[in-house]
Amino acid sequence: MNDFRSLRVVVRFIVLVVILVSGLIGCSSPLIQKEEDPIKFSPSIISNRFTDQQDSQPVWQMKPKTPIRAIYVSSYVANSQRIKELIDLVNRTELNAMVLDINSGILLSSVAHRNNTPIFAPSTKKSANHFRQVIQKLKNHHIYLIARITAFKDPDLASRVPAWTLKQKNGTVWRDRSGTAWIDPFRQEAWKYKMDMAEYAAELGFDEVQFDYVRFPENGSKVDAEVTYANPQGWTKSEAIRRFLHRASIRCHKKGIRMSADVFGMVGSLTNDMGIGQSWNLIAKEVDVISPMIYPSHYSKGTWGIDNPDLSPGPIITHALRDAAKYNKKLKGKGIETAKVRPWLQAFTAGWLDPHQKYGAAQIREQIQAARNAGFNSYMLWNSSSRYPIYNK
């Protein structure tokens, strides 16, 4: 009996040792694996891999189902008594939408800091509070509202967060010919700020966010020789713009609003990115609406065989939109869904040109008709002073 008891004690001891050893092996194995394969467990690498995967997934587009016909309204005009005249203009014509600045002129945006990191914050100024009341008034009139956000040519943000700006080779802030500092389009910290602003626009009741200056500065080769980009990923300019718009679209869609992007007029006719990172093939699949700025006055003499483009608005609009249609047709032929095309049309007089003509109701109607003949029923009218003639429906 004593021998049996002794045997039981020995067996219990052996079992206990086995359990302890197994526990130690079980606890130590992941630690050993982590030391042998650190990449697998690196949070930053996992984050980058997730972002790359997300950036390659197609955007589910929320394209407008009905034609949108808009006028540009500066924030200063929106905050003035003239807004009543523009509401009346919308009511008396086929117009149904307004494009409002929200981060230029009267700013709805500001910069706060969290853990020493700049973040988006709504402006608390009196003018901003009044602007928000105007936005609600326009909503009550059932006007389709588009929030225009200047993406990378943003002097206010550049002055508040100079760390995000394009830098010269010596590290100082780079400025364009007009003395304006630009946000470096490669800086993803700045991307988040702009996307937070877009989400805020959705909360205010906007139906769509439109990114303007969503590009690098013009004269690309000259700028490339002067600046040092914050581009550790080694992306091309067009890839950086594509990724920014891709992520912004996802966030806007989660808020239930559409997203659009303005591009140079010739982007729809050329095969390169013009040195500014705007590629029609890349942008058209990332946004709901793509808006080429096809102002006749901005085309060089002789374009498409037209001696004076400003004097021939109809033919310019026709050529530009036919080229854009061809681009989209090729993409759709590859099974790629493309954005709706809603062009910016000229509603201003280019007095600096010789020769030029005054752009009134007749010239606006000519452009609109040319767009319709090309198959496009949506448009936006640009006049920096927000003054527009009344034209018949």
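What is the distance in Å between the Cα centres of the stretch 323-393 and the stretch 245-282?
Between the Cα centre of the stretch 323-393 and that of the stretch 245-282, the gap is 17 Å.
State, to one decimal in nm², a quarter of the convex hull surface area for the C-alpha atoms of the chain, i.e. the direction-averaged projected area. Write down the numbers at each step before the final one.
Numbers: hull surface 117.4 nm².
So the mean shadow area of the Cα hull is 29.3 nm².
Nearest 0.05, what FRET efficiency do Gln369 and Ile87 give at R0 = 30 Å with Cβ-Cβ as r?
On the way: r = 25 Å, r/R0 = 0.84.
Once rounded, the FRET efficiency stands at 0.75.
Take the alpha-carbon centre of the stretch 92-138, take the same for the stretch 183-234, and report the distance between them in whole Å.
The distance from the Cα centre of the stretch 92-138 to that of the stretch 183-234 comes to 18 Å.
Quick one: pull the percentage of alpha-carbon pairs in the stretch 129-181 with a separation above 19 Å. Spell out each step's value before the answer.
Values: 674 of 1378 pairs.
For the stretch 129-181, the fraction of Cα-Cα distances above 19 Å is 49 percent.
Consider just the alpha-carbon atoms of the stretch 233-308 and return their Rg together with their Dmax, both in angstrom.
Considering the stretch 233-308 through its Cα atoms, Rg and Dmax are 14.5, 47 Å.
Would you order Thr338, Thr318, Thr349 from fewest to most other beta-carbon atoms within 10 Å of each residue's own beta-carbon? Mind showing how you got there, number by number?
Details: Thr338 22, Thr318 19, Thr349 16.
Least crowded to most crowded, the residues run Thr349, Thr318, Thr338.
Along the stretch 187-198, what does the Karplus equation 6.51 cos²θ - 1.76 cosθ + 1.60 (θ = phi - 60°) give for ³J(HN,Hα), rounded to whole Hz, x for Gly and Pro?
Those phi angles translate into 7, 6, 4, 6, 4, 4, 4, 5, 5, 4, 5, 4 Hz.
Which entries of Lys137/Lys237; Lys84/Lys330; Lys169/Lys285; Lys153/Lys358; Lys65/Lys301; Lys137/Lys167 have Cα-Cα distances beyond 32 Å here?
Numbers: Lys137/Lys237 40 Å; Lys84/Lys330 44 Å; Lys169/Lys285 34 Å; Lys153/Lys358 29 Å; Lys65/Lys301 37 Å; Lys137/Lys167 42 Å.
Pairs exceeding 32 Å: Lys137/Lys237; Lys84/Lys330; Lys169/Lys285; Lys65/Lys301; Lys137/Lys167.
Please give the net charge around Ala370, taking every other residue with its beta carbon less than 15 angstrom from that of Ala370, where Lys and Arg add +1 and Asp and Glu add -1. The partial results should precede the final answer.
Working: positive: Arg69, Arg322, Arg342, Arg365, Arg372; negative: Asp310, Asp323, Glu366.
Cβ neighbours under 15 Å give a net charge of +2.
Please report the net charge: other residues with Cβ closer than 9 Å to the Cβ of Phe211, K and R +1, D and E -1.
Numbers: positive: Arg148, Lys194; negative: Asp212, Asp262.
Neighbourhood net charge equals 0.
How would you rank His356, His319, going from fewest to most other Cβ atoms within 10 Å of each one's own Cβ?
Working: His356 15, His319 22.
Ranked by crowding around the Cβ, least crowded first: His356, His319.
For a footprinting-style exposure proxy, rank Arg82, Arg69 by other Cβ within 10 Å, fewest first.
Lowest count first: Arg82, Arg69.
Each value in this text was obtained by applying a stated rule to the coordinates, not by laboratory testing. These numbers come from a predicted model, not from an experiment. All Cβ positions, glycine included, derive from the backbone under ideal geometry; neighbour counts span all protein chains shown.
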